[in-house]
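Report on the structure given below.
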Amino acid sequence: MKLGIIGVGAVGAATAMAVALRARVRELVLVDKDRTRARAVATDMHYGVPLSPLVAIRDGDYDDLDGAGLVVIAAGVNEKAGGATDRSDPAGRLRLLDANVSVFETIAPRLVKAAPDAVILIVTDPPEPLIDVMRHLVGHDRVIGTSTYLDSLRFRVHLAERFGVSPACVEANVVGEHGTSSVFLWSSARIGGMDVAAALAKRGSGFDAFRREVEQDVRYANITIIEGLGASQYGVGMVAARVAEVVLRDERSVFPVGSYNARYGVALSLPSVVGRQGVVEALSPEMSNDETRALERSAETLRAAVGKYLGKS
């Protein structure tokens, strides 16, 4: 199985490393506008291959993506460079959209020519509008995004830490936009099958303050990381590698990813069945009335953000 990564900056390189460590592909091709950088990352990783299951890692150009089952796009302007690190800015990651649409317009024709049958996984921010833009540019629906998968993992980790349990025992999802309008599904959040609100009540703890604290930590985790590291890269790299693995192995696993949703008229993130063709089915989890309304508002935000681009050729 062949996997391609376009954009070998912080996130692309972290994704490549996570893919190599999981070693569920036989060939990994790194493509970057700076071919020297792609070659250096591939060479550096190549020397560690004897310590992992067999995988061939090399730099390449778009033509080398021929036959890839999935191509990850991590190219574009990141949050720090694009000025999307202000916690009080309601636009959040959407501030990066103009710049990254321009990047995607240069990538799309070369990608679809080289790998017309590949699933495209978008890691670049903001992922949901870029899914819609890429669908329009390449003319097919095999376009998905990491979207709120990482937010959901962060949600689970913060709940697990506060309850003193393994994150594997926590079920909790974030849906909608990977950004300021994201929706935390508290009504279905469970610790070992127990409702989180009930678990808090059993402890004698209040729910509202707990909820605000957790959401604050999750929403701005990326900015906290960027302030210390310069880029939020390792977590999303691990997520992208897992999504790639599921697609290439046709696992039919379920987790929140972004894809176009006809019901909302825009790409957004929902728990979805993921397999060889990308999103096989987007599920409709039970939500409270407040969560349902919040998801509608998130969809409205995304429709407004992407609308002006969809008429472009």
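Annotations
- Matching helices (runs of 4 or more DSSP H) fully within segment 177-249 where at least 2 residues are over 19 Å from the mean Cα position of the chain (by Cα) and of a type in the set (A, V, I, L, M): 196-203, 207-219
- Scope segment 117-159; condition part of a helix (DSSP H, G or I) and polar (S, T, N, Q); matching residues: SER152
- Hits in segment 22-46 - residues which are part of a helix (DSSP H, G or I) and touching a residue at least 40 places away in the same chain (Cβ under 8 Å): ARG22
- Which listed residue, of VAL214, VAL218, is modelled with pLDDT of 95 or more, within 13 Å of PHE163 (Cα to Cα), surrounded by 17 or more Cβ atoms within 10 Å (Cβ to Cβ) and in contact with a His (Cβ under 7 Å, 6 or more places away or on another chain): VAL214
- Residue match in segment 192-210 (condition: outside the structural domain of GLY69 (by TED's automatic domain parsing), at negative phi and surrounded by 23 or more Cβ atoms within 10 Å (Cβ to Cβ)): yes
- Filtered residues of segment 160-172 (kept if more than 19 Å from ILE225 (Cα to Cα), of a type outside the set (Phe, Trp, Tyr) and either in contact (Cβ under 8 Å) with a residue 12 or more places away in the chain or in a helix (DSSP H, G or I) (or both)): ALA160, ARG162, VAL165, PRO167, ALA168, CYS169, VAL170, GLU171, ALA172
The values are calculated or read from the model by the stated rules, or taken from the named source; none is laboratory data. All of these numbers come straight from a predicted model, not from anything done at the bench. Note that each Cβ is placed from the backbone with ideal geometry, even for glycine, and that neighbours are counted across all protein chains shown.
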